[in-house]
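**Student:** A single structure is presented below for examination.
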Amino acid sequence: MAYPLSDGAANPSPLDPVFNPKSVAIIGASANPIKPSGQPLIALLNNGYAGEVYPVNPKYDELLGVKCYPRISDIPGPVDMAIIAVPAAITMLALEECAAKGVKVAVIFTSGFAEVGQEGATVQQQMAALAKRSGMRIVGPNCMGLVNNLNNLMATFFLLKLPTAPVIPNVLGFVSQSGGFGSLIYFLVEEAGLGFTYYVSSGNEADLDFSDYLAYMAPDPNVRVLGGYLEGVRDGRKLMAAADLALAHEKPIMILKAGRNPSAARAAASHTGAMVGSDRVYDAFFRQKNIIRTESIDEMLIAINIIACGRIPKGPRVGIISASGGGGVVLADKCESTGLQVTGLTAGTRRALDAILPPFASSANPVDITSQFMVQQGLLLEAAKQVINDPNVDTLMLFCRLSSVDQGNSSLVDEVVHLYEQTDKPMIAITWGEDEEARETVRMLREHRIPAVRTSDYAVYALADVVQWAKRMAEFKARPKEEKPVGNSGRLQVERLLAAYPAKAQLTESQSKEILKAYGIPVTREELATTPEEAALAATRLGFPVVMKIDSPDILHKTDAGGVRLGIGSPEEAKQAFTEIVANARNYKPDANIRGVLVQEMLSGATEVIVGMSRDPVFGPVVMFGLGGILVEVLEDVCLRVAPLTRAEAAEMLEEIRGKKVLDGVRGRPPVDKEAIIDVIVRLSHLVADFPDIAEMDINPLLVFPQGQGAKAADALIVKA
């Protein structure tokens, strides 16, 4: 799907009433500040929300000096948003009254629906149906609401007041599928001096979901970073559309995704289906759409801080200044393990450092300035200036205990701030310690928009995240527009071929290859023989030697059934092989439907790879690539992408597998034709995207010849949905 862009009054987004309501009613309102029904009323009245606020509760005539209405229908004017904070048993009634009133958005705090069992799930389905029928959008149920700091909208019950003067305002648009965990993230971001633009607790997502909110925030110029806590989405294509919006607007997305270890994997006929797991697909999707997957809140906070401070590293090269030789080496190891580069400094920089450092220090990167920096005025500043100005350094990391206590003319913090103001390169200050002075140092540095932390690990991971995002963003911008590789005639041919097979059918190799050929995927020359004599004639026409294989929809793994013969060199051998293959197949599976024996040209000098597809329940068709042959499931050296793919995305898959050196040529073998592999991947991805009734597919092996000589599908399997 494609999300419409908001362009103010000229082209408003359908979600504008969610974030910019002109009036808010609170159904079940109270004045009790510790109740979910009381907190939004207090927050809206006390924090400058400019719209109309209507408490609704038949128990009161007024609340906090504001007229209270018995029912929402009694409110004289229009209501854009209704916050529902009543028991689960009457929530549906309240929703129906909202729909009758013409309310545009309902925010449901109430829990007790799909999260508690089937009865609650049924009511939640009724909510979704009401939303679809009436056009009223629903946030929740079982949510903690939302915040818009641009207009002081506080439709939530975890926050009573907005933060005062964050160091960097309007940084983050955040969506959380967990209420409590999301509120923790909110307060930690606030503590770091970063300002939210939007915050949404999405709850059970009966109507609006994670992707809808993300898509609304992506084009907003008041949002610099998108973030989220995600447990899962129901519609991966919606998330893909939201991610594409973020890419179009060059907005980084950071997601803390739960559920790396699924409890079970489904059985599948193809190799691809057996290896595609839910979290594995999410991981691949995040890489494909340049979404930063953080492993912790700390990593996310630091990455947000780096971006919010406004200096994105131009590359992965890091210069390190440490007060400890061992600490610097450990930090350098961590950097290298994440893809950052601790590069050598220029000879000029080394000479300048040697001139100011004590003789027991080291000018090699990581630079060890020793504890002398605490007593030698200006040592830290001068050393850091040399390193950050080195042309081999993109980012400076300071790894030492910085003090805000004056050392005479200035403090160490003052020196770092002064240096930061003299350069346009990014800097990260790691000042260890859990005491109050360390916390104060971090706070002071952040006030000057210098990313500062007290531990090194998360700083390294976060910097690597941002560097990788910036690199991929530049690559995305440079990618040319691509046309679909297959025209209408190919699509019509596949449509006709697939229509000939029933649902759940497992197509034979020859049947599968007919479909591949229609989409321009090259296959081996072959003929189907139904008698020994036909096999001999086919082999003669193709030219010896040939390969012979059983062709049966009921025998997918032909080698296991004794259904493959290689190197057939004469008509007599072809006849004998035909008889043996059919007999072996009958013994292996007596009731198998045997269409015949496939006689195929035998090719040499090729490298075997696998290209396949499995249909994920969330994202739809997922394409797999890896080294081919019988060991593919053992080694699991494969990578995934969500279809359809561009050529650039397909090319990335070739670089992602651990065995990629095989493609470059090993032990005297020439490099393979990578462009041919890329072409097959792209064409297959469009094939499976165009035809949802293809459930699984394997090309295993795809025989790839030396550079410039192409590739051919030597075996194939297609399973219909």
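**Student:** What GluC sites (Glu not before Pro) does region 577-647 have in DSSP loop regions with at most 16 other beta carbons within 10 Å?
**Tutor:** Hits after loop and neighbour filter: 636.
**Student:** Need the list of aspartates and glutamates near residue 477 for cross-linking: C-alpha distance under 18 angstrom, and skip anything on the same chain fewer than eight residues off.
**Tutor:** 244, 250, 649, 652
**Student:** Just add up the charged neighbours of residue 72: K/R +1, D/E -1, any other residue whose Cβ is under 10 Å from the Cβ of residue 72.
**Tutor:** Local net charge: 0.
**Student:** Further, regarding this structure: Would you list, by chain and number, the aspartates and glutamates whose Cα falls below 13 Å from the Cα of residue 484, excluding same-chain residues fewer than 8 positions away?
**Tutor:** 679, 690
**Student:** Ok, one more. If I stretch the segment between residue 540 and residue 355 completely, what's the gain in nm (0.36 nm per residue apart, minus their alpha carbon distance), one decimal?
**Tutor:** So the extension gain works out to 58.5 nm.
**Student:** Can you give the extra length, in nm with one decimal, that the chain gains between residue 96 and residue 440 once fully stretched, where that is 0.36 nm per residue apart less the Cα-Cα distance?
**Tutor:** Length gained, residue 96 through residue 440: 118.6 nm.
**Student:** Just tell me which aspartates and glutamates come within less than 20 Å, Cα to Cα, of residue 22; anything on the same chain fewer than 8 places away is out.
**Tutor:** Within reach: 7, 52, 74, 80, 97, 220.
**Student:** Assuming a ≥ b ≥ c are the square roots of the Cα gyration tensor eigenvalues, decide whether region 562-721 counts as rounded (a/c under 1.5), prolate (otherwise, with a/b larger than b/c) or oblate.
**Tutor:** oblate
**Student:** Where the convex hull is taken over the Cα atoms of the chain, what is its projected area averaged over directions, in nm²?
**Tutor:** One quarter of the hull surface, i.e. the mean projection, equals 38.8 nm².
**Student:** Which percent of the accessible heavy-atom area of the chain goes to carbon and sulfur, probe 1.4 angstrom?
**Tutor:** 52 percent
**Student:** Same structure again: Choose one of 532, 654, 157: the residue whose Cα lies farthest towards the positive end of the charge dipole of the chain (beta-carbon charges +1 Lys, Arg; -1 Asp, Glu; about the Cα centre).
**Tutor:** 532
**Student:** Where does helix 647-656 land angle-wise versus the long Cα axis of the chain, in degrees 0 to 90, nearest 10?
**Tutor:** Its long axis makes an angle of about 90 degrees.
**Student:** Go through 444, 456, 400 and say which Cα lies farthest out towards the positive end of the charge dipole of region 393-499; charges sit on Cβ, +1 for Lys and Arg, -1 for Asp and Glu.
**Tutor:** Highest projection toward the positive end goes to 456.
**Student:** For the chain, what does the helix formula give at 222 nm: sum of -39500 (n - 2.57) over DSSP H segments with n ≥ 4, over the residue count, nearest 500 deg cm²/dmol?
**Tutor:** Taking each H run of at least 4 residues, the total per residue is -11500 deg cm²/dmol.
**Student:** Something else about it: In the chain, if the dipole is taken from +1 on Lys/Arg beta carbons and -1 on Asp/Glu beta carbons about the Cα centre, which of 123, 305, 363 is farthest to the positive end?
**Tutor:** Going by the Cα projections, it comes out as 123.
**Student:** On a full-extension model of 0.36 nm per residue, what is the gain between residue 675 and residue 150, subtracting their alpha-carbon distance, rounded to one decimal in nm?
**Tutor:** Length gained, residue 675 through residue 150: 184.1 nm.
**Student:** What whole-number volume per residue, in cubic angstrom, does the convex hull of the C-alpha atoms of region 1-139 give?
**Tutor:** 128 Å³
**Student:** If R₀ is 51 angstrom, what is the calculated FRET efficiency for the pair residue 482 and residue 258, using the beta carbon separation as r and rounding to 0.05?
**Tutor:** 0.90
**Student:** Using 31 Å as the Cα-Cα cut-off, could you pick out the over-long pairs in 251/481; 238/504; 132/481; 517/674?
**Tutor:** Beyond 31 Å: 132/481.
**Student:** About its Cα centre, how strong a charge dipole does region 374-495 have in debye, to the nearest 20, once Lys and Arg get +1 and Asp and Glu get -1 at the Cβ?
**Tutor:** Dipole size: approximately 760 debye.
**Student:** What's the center-to-center distance, using Cα atoms, between region 111-147 and region 34-107 in Å?
**Tutor:** 17 Å
**Student:** Note the angle between two axes, namely the Cα long axis of helix 379-388 and the longest principal axis of the Cα atoms of the chain, as a number of degrees from 0 to 90, rounded to the nearest 10.
**Tutor:** Tilt of helix 379-388: around 40 degrees.
**Student:** Let me ask something else. Run the dipole for the chain about the Cα centre, Lys and Arg Cβ at +1, Asp and Glu Cβ at -1, nothing else charged, and hand back the magnitude in debye, nearest 20.
**Tutor:** 920 debye
The values are calculated or read from the model by the stated rules, or taken from the named source; none is laboratory data. It should be emphasised that the depicted structure is a prediction, and the values quoted were computed from it without experimental measurement. Every residue, glycine as well, gets a Cβ built from its backbone with ideal geometry; the counts of neighbours run over all protein chains shown. Note: accessible area is taken over every heavy atom of the protein model, side chains too, but ligands, DNA and RNA are not part of it. Shrake-Rupley method; radii C 1.70, N 1.55, O 1.52, S 1.80 Å.
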